[in-house]
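Structure first, commentary second.
The values are calculated or read from the model by the stated rules, or taken from the named source; none is laboratory data. Since the structure is predicted, the reported quantities are computational estimates derived from the model, not experimental observations. Cβ sites come from the backbone with ideal geometry, for glycine too, and all protein chains shown count toward neighbours. Surface areas here come from the heavy atoms of the whole protein model, side chains and all, with no ligands, DNA or RNA. Shrake-Rupley method; radii C 1.70, N 1.55, O 1.52, S 1.80 Å.
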Amino acid sequence: MSFKNITVAGSGVLGYQIAFQTAFHGFNVTVYDINDEVLDKAKTKFDVLAAAFKRDLAATDGQLADTKTRLAYKSDLVEAVKDADLLIEAVPESPEIKIGFYEKLAKVAPEKTIFATNSSTLLPSQFAQSTGRPEKFLALHFANNIWINNTAEIMGHPGTDKEIFDDLVEFAKAIGMIALPLHKEQPGYILNSLLVPFLGAAINLLVTDVADVQTIDKTWMVATGAPVGPFAALDVVGITTAYNINKLAAEKTQDPLRLKALEYLKEHFIDKGKLGVSTGEGFYQYPNPAYKEKDFLK
Ligand code: NAD
């Protein structure tokens, strides 16, 4: 792996975190977005992330100043990719937007540039042809709050070159990630293939009135030693995301249990603005949720 120059396309929630994390670990990073106003907004996030890196990773002022010097911002795609060894795409989760972006990119990126998508729910094979270089294209999937939740799931499509896949595993490690290679394409990667059914099972137990929120979480915590149960995890993920995932599945299958779960989440949470940790209330109330009380597991 001999990458030096990395371009991150999309400076939103995840794109900017990826750019910052990559620059922090010594790579030259160009942040690309649709216009200069959006990029100006991205620049304001520098201080917020720098404070988080100080708090959580004991990053020094010197390291953070160096990080800043390694970040450049460009709204001209030709300029943004002209030296890129790797482009990490974090544009919105819409097949139309991603395809449009790859078609434009394919025309202007140097031949050497590898493309990696951070898409959470779409598969690399959906875009491989639009990239014009399917063998140099794969998924590199990060989690929100990348500097502490440092998973990097690496997933190729059937046409991805094996050496390029291995290079991406090395790159992920070089930017402080725990590299998690997948052998084949899988919707939801590893993490969401485990998490989505797990959280869905907890909601089903609740809406069919098998047990209450705290008893379900307590069962999981005591039996497995996990620090949180499924409902505490749902509050972190955000109930809107859980609702949207259920909605897609319910509409597709018309499964009565899924429809019931959907109605339950809408009535008790979405309509009341109780969306989880971000709004101060979901299945628990924050900042002091009941599951953190010392007698919760008794
Ligand atoms: P976001 O909406 O916060 O940011 C998207 C950015 O892309 C915006 O800055 C927008 O201006 C820019 N953009 C829009 N059209 C563009 C184009 N044609 N070219 C370049 N930039 C364009 O989205 P996000 O939450 O950062 O998600 C981005 C990707 O990361 C998605 O594929 C998503 O599935 C994935 N992801 C998100 C999370 C998360 O927790 N938010 C976690 C893992 C992966």
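Name every residue in segment 193-214 that is out of contact with any helix residue (DSSP H, G or I) (no Cβ under 9 Å at 6 or more places or on another chain) and not in a loop (DSSP other than H, G, I, E, B), in order of residue number.
Result: SER193, LEU194, PRO197.
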In segment 1-27, which residue that is within 11 Å of the ligand (Cβ to nearest atom) and part of a loop (DSSP other than H, G, I, E, B) is most open to solvent (accessible area, probe 1.4 Å)?
GLY12
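With respect to ALA152, determine if the residue is buried (at least 23 other Cβ atoms within 10 Å of the Cβ) and either of a type in the set (Val, Ile, Thr) or assigned by TED's automatic domain parsing to the domain that holds LEU57 (or both). Walk me through how you get there before you give the answer.
Details: buried (at least 23 other Cβ atoms within 10 Å of the Cβ): yes; either of a type in the set (Val, Ile, Thr) or assigned by TED's automatic domain parsing to the domain that holds LEU57 (or both): yes.
Judged against the criteria, ALA152 is a match.
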Applying the selection to segment 103-117, what residues are closer than 21 Å to PHE3 by Cβ and either without any contact (Cβ under 8 Å) to a residue 12 or more places away in the chain or more than 10 Å from the ligand (Cβ to nearest atom) (or both)?
ALA106, VAL108, ALA109, PRO110, GLU111, LYS112, THR113, ILE114, PHE115, ALA116
Scan of segment 55-69 for residues that are closer than 9 Å to ALA23 by Cα, over 22 Å from the mean Cα position of the chain (by Cα) and surrounded by 10 or more Cβ atoms within 10 Å (Cβ to Cβ), ordered by number:
ASP66, LYS68
Residue check for LEU71: more than 11 Å from the ligand (Cβ to nearest atom), touching a helix residue (DSSP H, G or I) at 6+ places or on another chain (Cβ under 6 Å) and over 19 Å from ASN118 (Cα atoms):
yes
Only one of SER125, SER130, SER94, SER120 is more than 13 Å from the ligand (Cβ to nearest atom) and of a type outside the set (Val, Ile, Thr); which?
SER125
Just one of (1) away from the ligand (no atom under 12 Å from the Cβ); (2) under 20 Å from ALA174 (Cβ atoms) trips up ARG55, so point out which.
(2)
If you go through segment 28-47 one residue at a time, do you hit one that is within 13 Å of THR69 (Cα to Cα), buried (at least 23 other Cβ atoms within 10 Å of the Cβ), within 15 Å of the ligand (Cβ to nearest atom) and of a type in the set (S, T, N, Q)?
yes
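Listed here are the residues, each with its yes/no results for (1) over 30 Å from GLY156 (Cα atoms); (2) modelled with pLDDT of 95 or more; (3) surrounded by fewer than 13 Cβ atoms within 10 Å (Cβ to Cβ).
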site: THR208; (1), (2), (3): yes, yes, yes
site: LEU234; (1), (2), (3): no, yes, no
site: GLU267; (1), (2), (3): yes, yes, yes
site: ILE270; (1), (2), (3): yes, yes, no
site: VAL277; (1), (2), (3): yes, no, no
site: PHE283; (1), (2), (3): yes, yes, no
Find the residue count for segment 185-195, including only residues that are open to solvent by 50 Å² or more (accessible area, probe 1.4 Å) and without any contact (Cβ under 8 Å) to a residue 24 or more places away in the chain.
1
Just need a number here: residues in segment 210-224 that are farther than 24 Å from GLY280 by Cβ, open to solvent by 60 Å² or more (accessible area, probe 1.4 Å) and free of Cβ contacts under 8 Å to residues at least 24 places away in the same chain.
4
Flagged in segment 70-89 as among the hydrophobic types (A, V, I, L, M, F, W, C) and under 18 Å from GLU37 (Cβ atoms), in numbering order, are LEU71, ALA72, LEU77, ALA80
Yes or no: LYS252 modelled with pLDDT of 95 or more, open to solvent by 30 Å² or more (accessible area, probe 1.4 Å) and either in contact with a Phe, Trp or Tyr (Cβ under 7 Å, 6 or more places away or on another chain) or in a helix (DSSP H, G or I) (or both)?
no
From PHE165, PHE198, PHE171, which residue is within 30 Å of LEU265 (Cα to Cα) and either at pLDDT 95 or above or crowded, with 19+ Cβ neighbours inside 10 Å (or both)?
PHE198
Some residue of segment 157-171 being within 14 Å of the ligand (Cβ to nearest atom) and assigned by TED's automatic domain parsing to the domain that holds LEU64
no
